[in-house]
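Student: So that we are looking at the same thing, I have put the structure below in structure tokens.
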Amino acid sequence: MKHVSHWIGGKSWPGTSGATGDIYDPATGQVTGTVDFASATEVDAAVSAATEAAAGWRNASLARRAGVMFAFRELVRTHAGELAALISSEHGKVTSDAAGEVARGLEVAEFACGIPHLLKGSYSENVSTQVDAYSIRQPLGVVAGITPFNFPAMVPMWMFPIAIACGNAFVLKPSEKDPSASVLLAELLAEAGLPDGVFSVLHGDAVAVNALLGHPGVAAVSFVGSTPIAKHVYETATATGKRVQALGGAKNHMVVLADADLDNAADAAVSAGFGSAGERCMAISVVVAVDPVADELVGKIAERVARLRVGPGTDERAEMGPLVTGPHRDRVAGYLDSGVREGAVLAVDGRTHPVSGGEPGGFWLGPSILDHVTPDMACYTDEIFGPVLSVVRVPSHDAALDLVNANPYGNGVAIFTAGGGAARRFVSEVTVGMVGVNVPIPVPMAYYSFGGWKSSLFGDTHMHGTEGVHFYTRGKAVTSRWPEPGPGSVSLKFPVSN
Ligand code: NAD
């Protein structure tokens, strides 16, 4: 049985609160370890180590900070297989998918290697006679990140490479369900030359999160998780004057117009609906079939779903693993029953899908399709976060757009069509933060920014890209004058340029 401890001040820090949580292998259903849960005392220890480290780190040269990021990038590449295996053993996703999240997270570290360029200010000579003006961006101090179970490496890497490269110290509170990847990342940052205390990991639950949200030493909070907790984090942390970006849940629609290539659309719906067992914030959970494509499209999706290989993440042939916990699997399966009760048609029942090589105690649920779903059903209104694809049939492009725009979430959306004009109008009018045109999972590259609209984001700033640099820094505008020696004059007039 493994035991996962905190990482504070550049070293492993055994918990003192006495509270712990179990870590499961979702493919077997067995407990494989325990993780320490932080109390307010350990939160204090991490924040004070971070505060001390931040004072020196903000003055480290840009070359040094970039150098640490370059070294970290190489180390993550070397340990990518180990990271992917750790993620798979605690999250359940197949190893190739886990390797994919490490690669996408690493793109943000690569972006952060360019910090000397990203932090460049501007300079204007002679804004007034013999007066110059310039702008700089400075780090905030200690910033915290609170992350969900579904991307235990990538989502923390959306945050800390940029925060650290900007000169901050970062305290990470990862999901208690799959905590090991964050400790390996901490070890790699230390090996890359990051000074002790600049990166800390605190494990735990709401107790640790709430202590961070109220801590006067924390200047800003980045959060990714479900909408109710995102809202709680935003309201609590802004009430104590912190800067907050809190990314919440999602209900991502894929609109298929009548002129779309239906084989292409079916491939995309299956890949984006069932990859990582639907436990992705950008997973497609609703296919919006515009008349008359629905029957043919559902048939093509069902054919592909029947061929999916479900099995443990360690099996290289497996395409979809188990769900993260038993209660989550049961909750997701519950939507199949409620959908049918409310009038949907269970076109494919994942509960009967074969599992190749899985142990019976694993948290298995195969891919399911609920057809003839309507917007009033719980399987449509709720974020299911599992391998269930709902199909809503609508008469027109306008009806599809109205449906998506009426949904309270606004994380991702996709349109499949052969028509440039229709796609362009959709992109312009849809109220969603990340839009794909014939691309089902439009996750922006590291140099753009990631974030939704409406109930998928509380705060104004999206993650990574230049918005990430802005979130983790604040601007200062400097006006300077070096007058020639000699007599001046007193003037009480408001200064205007001349
Ligand atoms: P979650 O909201 O349950 O947990 C997220 C974090 O908050 C964890 O670290 C957890 O320990 C902490 N937490 C949980 N309950 C808390 C409470 N009552 N008070 C304070 N902190 C609490 O989310 P999850 O189940 O780990 O992850 C899945 C959710 O994350 C889904 O809703 C998914 O859509 C969302 N998600 C969103 C994005 C995005 O970019 N918008 C990305 C990934 C995941």
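Student: In the same structural domain as residue 205 (by TED's automatic domain parsing), without any contact (Cβ under 8 Å) to a residue 12 or more places away in the chain and not aromatic (Phe, Trp, Tyr) - does that describe any residue in segment 9-32?
Tutor: yes
Student: Residues to consider are 82, 101; find the one that is in a helix (DSSP H, G or I), buried (at least 24 other Cβ atoms within 10 Å of the Cβ) and not hydrophobic (A, V, I, L, M, F, W, C).
Tutor: So the residue among 82, 101 that is in a helix (DSSP H, G or I), buried (at least 24 other Cβ atoms within 10 Å of the Cβ) and not hydrophobic (A, V, I, L, M, F, W, C) is 101.
Student: If you don't mind, there's one more thing I want to ask. Have a look at 299, 339 and point out the one that is away from the ligand (no atom under 16 Å from the Cβ), without any contact (Cβ under 8 Å) to a residue 24 or more places away in the chain, in a helix (DSSP H, G or I) and open to solvent by less than 40 Å² (accessible area, probe 1.4 Å).
Tutor: Residue meeting the stated conditions: 299.
Student: When you go through 183, 143 one by one, which is the residue that is open to solvent by 10 Å² or more (accessible area, probe 1.4 Å), within 16 Å of the ligand (Cβ to nearest atom) and not acidic (Asp, Glu)?
Tutor: 183
Student: Let me ask something additional. Among the residues of segment 442-473, which ones are more than 12 Å from the ligand (Cβ to nearest atom) and among the aliphatic types (A, V, I, L, M)?
Tutor: 445, 446, 469
Student: Out of the residues in segment 364-394 that are over 23 Å from the mean Cα position of the chain (by Cα) and of a type in the set (Asp, Glu), which is nearest to residue 309 (Cα to Cα)?
Tutor: 371
Student: Additional query: Whether any residue in segment 277-284 is among the β-branched types (Val, Ile, Thr), assigned by TED's automatic domain parsing to the domain that holds residue 332 and more than 16 Å from the ligand (Cβ to nearest atom) is what I want to check.
Tutor: no
The values are calculated or read from the model by the stated rules, or taken from the named source; none is laboratory data. Treat the numbers as computed from the prediction; the structure is a model and nothing was measured. As a convention, Cβ positions derive from the backbone with ideal geometry for all residues, glycine included, and neighbour counts pool all protein chains shown. Surface areas here come from the heavy atoms of the whole protein model, side chains and all, with no ligands, DNA or RNA. Shrake-Rupley method; radii C 1.70, N 1.55, O 1.52, S 1.80 Å.
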